[in-house]
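Structure record follows, encoded as structure tokens.
Here, each number is a calculation from the coordinates, and none is a lab measurement. Keep in mind that what you see is a predicted model, and the values were worked out from it rather than measured. Here Cβ is always computed from backbone atoms with ideal geometry, including for glycine, and neighbour counts include all displayed protein chains.
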Amino acid sequence: STPAAVTSGLARAARQGILIKGGAVLEQLGAVRQVAFDKTGTLTEGRPEVVDLVALNGSSENLLAMAAAVEQGSRHPLAQAVVRYAGQQAITIPVADDLEANVGRGVSGRVNGNEVSVGSPAHLAELIDANANTHIARLEEQGCTVVGVACDGQLLGVLAIRDTLRSDAGDAVRALEQLGVQAIMLTGDNKRAAAAIAGELGIAYRAGLLPEGKVTEVQALQRQSPVAMVGDGINDAPALKMADVGIAMGKGTDVALETADAALTHERVQDLASMIDLSRATLNIVR
Ligand code: ADP
Ligand code: MG
């Protein structure tokens, strides 16, 4: 049977906005010495906005319409930014079918008989020439996530999207450091934008990671000490599973929430340090 201290520890955690799926998880949390954070939607608010757009072939309107059409089917924060922006610009969004999500890379679909894909510059590399590349580099250096929009093998243009750091992200990192726990950011986003965000927080980062890449990074960290992974997306699910403790953001995707051992129900990354602290205190009582 579960010791009373563990039961009350779980209840206290729940009151503080942390859902922990069982006493074993509470125990593992106390041993965690490293926390790997996803970037988009975890360290950042996950409500990115389109801040710039460069049409390279055809009009801005067509670029936006095509992009929004395939992004309509996606729950990715970047997708929602594109659809919202198209709405703000009063663009009529065409219907797309054969929608496919390529996790960590982008989405594609058929619009008016054309093959449209929206995704990371790395994913669309073969369509990006020197001119497009100059625009992409410039926008990424400003801390933007740039996504390319392609139609029938031609790059229509790029969208620059920017997200805000969560207000408690810095405090979360420092509170963890106080507990002797190191933070690192794992992201599928580009290196330039990742460096800008990680630099603000003063933490290490690995960029350009596909879902399996996040798993490999978690494994590498695990060779040193136990690792918790915090994430919100489908792209984080494999890494959440691999980590000693997988933690989902409260408004994360169902897949992340199902896979995780715990959830930050109020979406406060800062709660993580109190959770680890509580776990250590509870273990001391039990032992
Ligand atoms: P993160 O690790 O920061 O949460 P993801 O792994 O979800 O990022 O995505 C990695 C990259 O893949 C994004 O920066 C973007 O370039 C591309 N991408 C993923 N999903 C989409 C989408 N729905 N629309 C456009 N680009 C996408
Ligand atoms: Mg994310």
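When each of the peptides 47-59, 111-123 is scored by how many other beta carbons lie within 10 Å of its residues on average, the order from highest to lowest is 111-123, 47-59. The Rg/Rh ratio for the range 158-287, using Cα coordinates for both the radius of gyration and the Kirkwood hydrodynamic radius, is 0.96. Note on D52 and K251: with the Förster distance fixed at 30 Å, the Cβ-Cβ geometry gives a FRET efficiency of about 0.65. Note on the chain: dipole from Cβ charges, positive end direction compared against I161, I234, A262; the farthest Cα belongs to A262.
The peptide list 160-166, 95-101, put in order of mean Cβ contacts within 10 Å with the highest first, becomes 160-166, 95-101.
Classify the range 49-162 as rounded, prolate or oblate, taking a ≥ b ≥ c as the square roots of the eigenvalues of its Cα gyration tensor: rounded when a/c is under 1.5, otherwise prolate if a/b is larger than b/c and oblate if not. Taking the square roots of the gyration eigenvalues as a ≥ b ≥ c, the range 49-162 is rounded. The phi-based Karplus calculation (6.51 cos²θ - 1.76 cosθ + 1.60; θ = phi - 60°) puts the 3J(HN,Hα) values of the range 196-202 at 5, 5, 4, x, 4, 8, x Hz, whole numbers, x for Gly and Pro.
When the Cα positions of Q88, G46, G180 are compared along the charge dipole of the chain, G180 comes out farthest toward the positive end, with charges on each C-beta of Lys, Arg, Asp and Glu. With the cut-off at 1.5 for a/c, could you classify the chain from its C-alpha gyration tensor as rounded, prolate or oblate? Prolate shape, in that a/c is at least 1.5 and a/b is the bigger ratio.
Distance between the C-alpha centres of the range 53-93 and the range 115-151: 15 Å, rounded to the whole angstrom. Summarising the amide proton neighbourhood of L209: residues at separation of 5 or more, or on other chains, whose placed amide H is nearer than 5 Å comprise T187, G188, D189. In the chain, the longest principal axis of the Cα atoms and the axis of helix 271-286 are about 20 degrees apart. When +1 charges are put on Lys and Arg Cβ atoms and -1 charges on Asp and Glu Cβ atoms, the dipole computed for the chain relative to its Cα centre reaches about 960 debye.
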